[in-house]
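Only one structure is covered here, and it is reproduced in the block below.
Readers should treat all values here as calculations from the given coordinates under stated rules, not as data from a laboratory. Computed from a predicted model, the values in this text were never measured in an experiment. Cβ sites come from the backbone with ideal geometry, for glycine too, and all protein chains shown count toward neighbours.
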Amino acid sequence: MKTDIAAANDPRSILLIRLSSFGDIILCSALPRLLRRRFPDSTIHMLVGAAGVDLYRYSPYVDGVSAYDRARDAASTADDIRAALGGNSPDIILDLQNNRRSKKVRKQLSREIYTIDKHRLGKLTLVWRGAERATSLPPVPQRYLDAAARLDLPDDGDGLEIWLPEDRAAGAYRPALPEFHAGRDKIGLAPGARHLTKRWPAERFAELGNELLEQGGAQGIVLIGGAEDAETMTEFRRHFRYGDKLTDVGAAGSAAESIAAIDTCRAVVSNDSAAAHLAAARRVPVVSIFGSTSPALGFAPFRTPLKIVERDLSCRPCTHIGRSSCPRGHFDCMLGIEAAEVLRAVTELTA
């Protein structure tokens, strides 16, 4: 890290880098708010993966967002950043990715650089020794805030924020207003996840939805997912019996459509996936189901009412990101979770 006291005290511009994944781009969304409050006159720019651009398009804390393109070299990406900043390099770079790709970009811009501690050894220790025998890691959003600790950013204790155009037009983050959540009677279900071992079976999500409607725990179900979840969502629909009470965002739904659907829910049930973090950002209570990963790795939904459902197994966590199959062949971490248990968690969370 290069040190420039003048830049740290009064930066003209700040660049945040978080190239992937979609969930991580959501998880860094508290940091722009704190930076804006600390440096109200600075230009704050973000470099994110293309899928994350829309997440910050309407944020009042961010002056501009650039999409990272793997096909372009680091020098060209740096040129784009300078152009967006009036021909200048940023005074401060917060590299929240801190990998080979982000290092190449920041080297082209070289100013004062702060990087995230990725806790690589801690993650490996959790996988090797298990969550019961190893130290839990700080929440990922807290790690992003820690990366900026030398900038003296007071933590306001608030959560994540992903703004919609309606929020920007209202001049307020509507999910933070108590009246915004009044009268919600739907439950959101997000059965997708990038890796198979992070997915509670879609048919059990459907069973949960059926039970919620039959027992009066919800007046409707909202199915949440992205294009990568198409197969999982099809499997859910095959087992779900109340199509007339289903709001289906569909695999082709945009991030804004998914967020708007989440806003109609009084709780969301999700795997360890981006949907849980979107719900947390919109201040919706979350029931989060963990399989091969663990909340101890720091990926639990941040600062929102929360229930965790998981199995206490010696083989968990077997990975910090997910796997394509269970390494032991039994998949007990997910198959051992019954719909009735998740239903109890929803009932307790929404009581």
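Among Ala50, Ala84, Cys28, flag the residue with its Cα farthest along the positive direction of the charge dipole of segment 24-131, charges on Cβ as +1 for Lys/Arg and -1 for Asp/Glu.
Cys28
Could you pull out every residue, at least 5 positions away or on a different chain, whose amide H is within less than 5 Å of the one on Ile93? Hs are placed 1.01 Å off N in the peptide plane, and Pro or chain starts have none.
For Ile93, whose amide H was placed from the backbone, the distant partners under 5 Å are Leu15, Glu112, Ile113, Tyr114.
Return the sequence-ordered ³J(HN,Hα) values of segment 303-316 in whole Hz as given by the Karplus equation 6.51 cos²θ - 1.76 cosθ + 1.60 applied to θ = phi - 60°, using x for Gly and Pro.
6, 9, x, 8, 10, 9, 10, 7, 9, 8, 10, 5, 8, 9
First measure r as the distance between the Cβ atoms of Glu132 and Glu341, then evaluate 1/(1 + (r/R0)^6) with R0 = 30 Å and state the FRET efficiency to the nearest 0.05.
0.90
Tabulate in residue order the Karplus-calculated ³J(HN,Hα) for segment 201-207, using 6.51 cos²θ - 1.76 cosθ + 1.60 with θ = phi - 60°, rounded to whole Hz; enter x for Gly and Pro.
Residue by residue, segment 201-207 yields x, 4, 5, 6, 4, 5, 4 Hz.
Which part of segment 163-201 falls in the paramagnetic zone of Arg328, meaning amide N under 19 Å from the point 7 Å along Cα-to-beta-carbon?
Correct set: 196-201.
Once you put a point 7 Å from the Cα of Asp10 and another 7 Å from the Cα of Arg70, both along the Cβ direction, what distance in nm separates them?
4.3 nm
Taking only DSSP H segments of four or more residues, each worth -39500 (n - 2.57), what value at 222 nm results for the chain once the sum is divided by all its residues, to the nearest 500 deg cm²/dmol?
Computed mean residue ellipticity for the chain: -9500 deg cm²/dmol.
Quick one: which residues, 5+ away or cross-chain, put their amide H under 5 Å from the amide H of Leu306? H built at 1.01 Å from N.
Distant-sequence amide H within range of Leu306: Val286.
Across the chain, how many lysine pairs, 8 or more apart or on two chains, come within less than 29 Å at their alpha-carbon atoms?
21
State the percent of C-alpha pairs, over all pairs in segment 216-318, separated by a distance greater than 19 angstrom. List each step's numbers first, then the result.
Working: 2470 of 5253 pairs.
Across segment 216-318, Cα pairs with separations above 19 Å total 47 percent.
Over all directions, how big on average is the projection of the convex hull of the alpha-carbon atoms in segment 275-351, in square nanometres?
Values: hull surface 21.3 nm².
Average projection, Cα convex hull of segment 275-351: 5.3 nm².
Tell me, Leu177, Leu55 in order of fewest to most beta-carbon neighbours within 10 Å?
Leu177, Leu55
Can you give the alpha-carbon Rg of the chain over 2.2 N^0.38 Å, where N counts its residues?
1.01
For segment 198-237, compute Rg over Rh where Rg is the Cα radius of gyration and Rh is the Kirkwood radius from the inverse mean 1/r over Cα pairs.
Values: Rg = 10.7 Å, Rh = 10.8 Å.
Result for segment 198-237 is an Rg/Rh of 1.00.
Karplus couplings for segment 101-107 from phi (6.51 cos²θ - 1.76 cosθ + 1.60, θ = phi - 60°), rounded to Hz, Gly and Pro as x?
These are the phi-based 3J(HN,Hα) values: 5, 5, 5, 5, 5, 5, 4 Hz.
Please give me the summed charge of the neighbours of Ala339: other residues whose Cβ is under 12 Å from its Cβ, Lys and Arg +1, Asp and Glu -1.
Neighbour charge sum, excluding Ala339 itself: -4.
If every alpha-carbon in segment 172-350 counts as one equal scatterer, what log10 I(q)/I(0) does Debye give at q = 0.09, 0.11 1/Å?
The calculated log intensity ratios at q = 0.09, 0.11 Å⁻¹ are -0.27, -0.41.
Taking only Cα atoms and a 10 Å spring cutoff, compute GNM fluctuations for the chain and point out the largest among Pro295, Pro165, Pro138.
Pro165
Would you please give the residues with an amide H less than 5 Å from that of Tyr68, counting only those at least 5 places away or on a separate chain, with H modeled from the backbone geometry?
Result for Tyr68 returns Val48, Gly49, Ala50.
Mind listing which GluC sites (Glu not before Pro) in segment 218-279 are in a DSSP loop and have 13 or fewer other Cβ atoms within 10 Å?
When the GluC sites (Glu not before Pro) of segment 218-279 are filtered for loop state and at most 13 Cβ neighbours within 10 Å, nothing remains.
How big is D for segment 105-147, in µm² s⁻¹ as a whole number, if Stokes-Einstein is applied with the Kirkwood radius of its Cα pairs at 10 °C and 1.306 mPa s?
130 µm²/s
If I take every Cα pair under 8 Å that is 6 or more residues apart in segment 224-351, average their sequence separation and divide by the length, what percent do I get for the relative contact order?
It comes to 20 percent, rounded to a whole number.
Show me 73-79, 42-48, 277-283, 58-64 ranked by packing, highest mean number of other Cβ atoms within 10 Å first.
Output ranking for 73-79, 42-48, 277-283, 58-64: 277-283, 42-48, 58-64, 73-79.
Using the Kirkwood radius over C-alpha pairs as Rh, can you work out the diffusion coefficient of segment 65-134 via Stokes-Einstein at 4 °C, viscosity 1.567 mPa s, in µm² per second?
Values: Rh = 13.9 Å.
Approximately 93 µm²/s, per Stokes-Einstein.
Rounding to the nearest 20 debye, state how big the charge dipole of segment 172-350 is about its Cα centre with +1 on each Lys and Arg Cβ and -1 on each Asp and Glu Cβ.
380 debye
On alpha carbon coordinates alone, what is the Rg over Rh value for segment 5-151, Rh being the Kirkwood radius?
Ratio value, two decimals: 0.99.
How far is helix 120-129 tilted off the main Cα axis of the chain, in degrees rounded to 10, range 0 to 90?
It is inclined by approximately 30 degrees.
Can you give the charge dipole size of the chain about its Cα centre, rounded to the nearest 20 debye, using +1 on the beta carbon of Lys and Arg and -1 on the beta carbon of Asp and Glu?
Working: 47 positive and 44 negative charges, 220 e Å.
For the chain, the charge dipole is close to 1060 debye.
Over all distinct alpha-carbon pairs, what is the Kirkwood Rh of segment 155-245 in angstrom?
After inverting the pairwise mean of 1/r, the radius is 15.3 Å.
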